[in-house]
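Student: The structure is given below, and queries will be raised subsequently.
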Amino acid sequence: MKTKMMISLLALSLFANIELKAQESLPVKRFEIEAKAGATFPVDKFVGSKRLGPQLGLEGRWNFDKPFDVGLEVYVGSAVRDYEHHTLSNRIFSFLSIFGDYNFNRGNQAALFVGLGLGEVQCNIIQGNKGDEGMSFMVVPRVGVELWNHLRLTADLRLARKGYNTIGISIGYAFGGGRK
């Protein structure tokens, strides 16, 4: 657990020090709030057959002058499976996770981003009776594209605990963002 946390913190600090000269970033507003919704799919070996599950999130982001931003996210998502003729749904709830993103061509019509998030999550069995409940550390690598300075398409991998790990895709809208 400590090794995973140290590697994640090291990767996050590396993102903070990267600056690519070949891109054309434009000035953007300092603060934005993104509301997002999407689908998840379990990635780890557990029980039963895997199914799509829901995810919802809200993230406030602070944009720096350099093409880097830091955000705080509230998130809920489920790893859903069919198990013994019933639905098994293991939910993770993150009250506050911190994210760092590096943005390519920020402020343009299409801006790619890569990022990493860290947080503590509450793992709960919502439906069914398989899985361990409790608090867990979560690591979230993500990639995506922001279109027209507001619409965000994101793919992420949420690694928290066996039975709760998911890959997800979401669509979000950033309120208050955009060019200065």
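Student: When segment 25-81 is examined, which residues are found to be of a type in the set (F, W, Y) and within 19 Å of N103 (Cβ to Cβ)?
Tutor: If the condition is that a residue be of a type in the set (F, W, Y) and within 19 Å of N103 (Cβ to Cβ), then F31, W62, F64, F68 are the ones that fit.
Student: Do any residues in segment 50-68 that are buried (at least 17 other Cβ atoms within 10 Å of the Cβ) have Cβ atoms under 7 Å from those of residues that are among the aliphatic types (A, V, I, L, M) and outside any strand (DSSP E or B), where the two are at least six apart or on different chains, and which pairs are they?
Tutor: Close Cβ pairs satisfying both conditions: F68/A16.
Student: Additional query: Under 7 Å by Cβ, and 6 or more places apart or on different chains, what pairs join a residue from segment 160-171 that is basic (K, R) with one that is assigned to a strand (DSSP E or B)?
Tutor: Matching pairs, first to second residue: R161/C123; R161/S136.
Student: Now for a different question. Take G71 and tell me if it is farther than 23 Å from F41 by Cα and either of a type in the set (A, V, I, L, M) or in contact with a Gly (Cβ under 8 Å, 6 or more places away or on another chain) (or both).
Tutor: yes
Student: From (1) assigned to a loop (DSSP other than H, G, I, E, B); (2) closer than 20 Å to A39 by Cα, pick out the condition that doesn't hold for C123.
Tutor: (1)
Student: Separate question: Do any strands (runs of 3 or more DSSP E) entirely within segment 11-116 hold 2 or more residues that are among the hydroxyl-bearing types (S, T, Y), under 24 Å from G168 (Cβ atoms) and at pLDDT 90 or above, and if so, which?
Tutor: Strands (runs of 3 or more DSSP E) meeting the threshold: 68-83, 86-104.
Student: Is it the case, given these coordinates, that F31 is farther than 28 Å from F137 by Cβ and aromatic (F, W, Y)?
Tutor: no
Student: Only one residue in I169, I126 is hydrophobic (A, V, I, L, M, F, W, C), at pLDDT 95 or above and under 21 Å from S49 (Cβ atoms), so which one is that?
Tutor: Among I169, I126, only I169 is hydrophobic (A, V, I, L, M, F, W, C), at pLDDT 95 or above and under 21 Å from S49 (Cβ atoms).
Student: Continuing with the same structure: Among the residues that make up segment 103-123, is at least one of them within 29 Å of G48 (Cβ to Cβ), without any contact (Cβ under 8 Å) to a residue 24 or more places away in the chain and open to solvent by 50 Å² or more (accessible area, probe 1.4 Å)?
Tutor: no
Student: Looking only at residues that are under 14 Å from the mean Cα position of the chain (by Cα) and open to solvent by 30 Å² or more (accessible area, probe 1.4 Å) in segment 146-160, which one is nearest to I171 (Cα to Cα)?
Tutor: Within segment 146-160, the match that is nearest to I171 (Cα to Cα) is L153.
The values are calculated or read from the model by the stated rules, or taken from the named source; none is laboratory data. Not measured: the values here are computed from a predicted model. Virtual Cβ from ideal backbone geometry, glycine too; neighbours counted across all protein chains shown. For accessibility, only protein heavy atoms count, side chains too; no ligands or nucleic acids. Shrake-Rupley method; radii C 1.70, N 1.55, O 1.52, S 1.80 Å.
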